[in-house]
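The values are calculated or read from the model by the stated rules, or taken from the named source; none is laboratory data. Here the structure is a predicted model, which means the values were calculated and not measured. Heads up, the Cβs are rebuilt from the backbone with ideal geometry, glycines too, and the neighbour counts pull from every protein chain shown. Ligands, DNA and RNA are stripped out before the accessible areas are found, and what is left, the full protein with its side chains, is counted by its heavy atoms. Shrake-Rupley method; radii C 1.70, N 1.55, O 1.52, S 1.80 Å.
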Amino acid sequence: MLRIPPHHPIQLPLGLVIWAIWFVAVYGGLSVSCALGAPSPEAGPLTPINGVLGLLTLVVTLFLLAMARYCWRGASAPEAGEHAFIARLAGAGHIIAAISTLATGLPILVLPPCV
């Protein structure tokens, strides 16, 4: 498995790039599923569409938090040296992306999907 080192500069924008891909996938998928077969609004938020989108949100959030932990642990490693700043900054970026994923995904829990 290819693993990017925690101090590699690509780690800096990676969290927000993952968030942007998640955002397009979730709201694009929501639009397509609503166009193909919208559930009734009386069903509320407990629909298969919201279940899949909620699960995707949870998986991406957990992945971003794992990436943040990976970067923070890499920053505290003895061999990090002068690259520890990049790893800590990348970890903070992953945490910001995880918080953004949760905040943007909250309407999935409370709103019907195709209103």
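Between a residue in the range 47-65 that is under 11 Å from Leu109 (Cβ atoms) and any residue that is surrounded by 17 or more Cβ atoms within 10 Å (Cβ to Cβ) and aliphatic (A, V, I, L, M), which pairs come within a Cβ distance under 7 Å, given they are 6 or more apart or on different chains?
Partner pairs satisfying both residue conditions: Asn50/Ile108; Leu53/Val26; Leu53/Leu30; Leu53/Ile108; Gly54/Ile108; Thr57/Val26; Thr57/Ile108.
Could you please find all residues in the range 71-82 being touching a helix residue (DSSP H, G or I) at 6+ places or on another chain (Cβ under 8 Å) and not small (Gly, Ala, Ser)?
Cys71, Trp72
Considering each residue of the range 46-57, count those that are part of a helix (DSSP H, G or I) and open to solvent by less than 90 Å² (accessible area, probe 1.4 Å), and give that number.
Total satisfying the criteria: 7.
Being within 13 Å of Gly105 (Cβ to Cβ) and not acidic (Asp, Glu) narrows it down to one residue among Ala25, Ala38, Ala43; which is it?
Criteria check complete, one pass: Ala25.
Look at the range 58-88 and say how many of its residues are of a type in the set (Phe, Trp, Tyr), touching a Lys or Arg at 6+ places or on another chain (Cβ under 8 Å) and open to solvent by less than 80 Å² (accessible area, probe 1.4 Å).
0
Considering only the range 73-101, state which residues are touching a residue at least 24 places away in the same chain (Cβ under 8 Å), part of a helix (DSSP H, G or I) and over 18 Å from Trp22 (Cα atoms).
Result: Arg73, Gly74, Ala75, His83, Ala84, Ile86, Ala87, Leu89, Ala90, Gly91, Ala92.
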